[in-house]
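Below is one structure, written out as structure tokens, with a few remarks after it.
The values are calculated or read from the model by the stated rules, or taken from the named source; none is laboratory data. Here the structure is a predicted model, which is why all the values come from computation and not from measurement. Ideal geometry is used to build each Cβ from the backbone, glycine not excepted, and the neighbour counts take in all protein chains shown.
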Amino acid sequence: MTTPLTATERYISPEVTKVYWVETIADITSPQRAELDAGTDLTNEIASMTGWEVAADRVAVPDLGTRFTGRISGRVNPGDAQITFYASQDTADVRDVLARGDKGFVYIADGGDVPTQKARVFAVEVSAVTPTVDVAGTEAARIMVDFSITAVAEQVEIPALT
């Protein structure tokens with residue numbers, strides 16, 4: 001008899017997921033609590049996030065022995081990462097923390113900042129910081145921040161709280 005997948009404790013991201021900007025992490029696979037504590041918690045100002053994934057190309061492997069073309073996993077590529085933040089009318093917002101060319105780390109604790117659970121760490125360079133204008137006035141003013149992902153560590157254990 002097969003073993004079933006462990007039942008999940010389902011959740012939604014608001015009030016759970018934490019996102020930090022950290023300028024220095026010595027070992028991306030094992031961030032230390034002091035490094036995280038020195039960072040900036042971006043969570044409460046995030047309107048949306050996209051592209052924070054890693055996917056593999058699929059490479060076709062045809063051969064003359066069959067008309068069927070199998071596939072193998074190829075190169076691993078990061079997504080086009082972006083975080084959209086709320087803007088402040090006095091401009092005291094994410095623009096005080098992130099600027100084009102900044103290098104650092106985006107730390108995402110999907111299940112919350114809970115020691116021994118897993119997080120994702122992305123080494124990044126800030127590609128653009130762009131305020132948006134909603135002419136229709138149907139949403140709050142926002143700032144799109146684009147990131148180039150240069151390295152990633154997945155399933156990183158969240159360190160103990162101090």
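Figures for the structure shown
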item: The stretch 132-162, subset part of a strand (DSSP E or B) and in contact with a helix residue (DSSP H, G or I) (Cβ under 8 Å, 6 or more places away or on another chain), residue surrounded by the fewest Cβ atoms within 10 Å (Cβ to Cβ); result: 143
item: Tally, over the stretch 8-23, of residues that are more than 20 Å from residue 154 (Cβ to Cβ) and surrounded by 11 or more Cβ atoms within 10 Å (Cβ to Cβ); result: 1
item: Sole residue being farther than 14 Å from residue 122 by Cβ and either at pLDDT below 95 or of a type in the set (Lys, Arg) (or both), chosen from 56, 47, 26, 38; result: 56
item: Residue match in the stretch 86-94 (condition: surrounded by 13 or more Cβ atoms within 10 Å (Cβ to Cβ), in contact (Cβ under 8 Å) with a residue 12 or more places away in the chain, more than 17 Å from residue 48 (Cα to Cα) and touching a Ser or Thr at 6+ places or on another chain (Cβ under 9 Å)); result: no
item: Residue check for residue 109: more than 16 Å from the chain's Cα centre (by Cα) and modelled with pLDDT of 95 or more; result: no
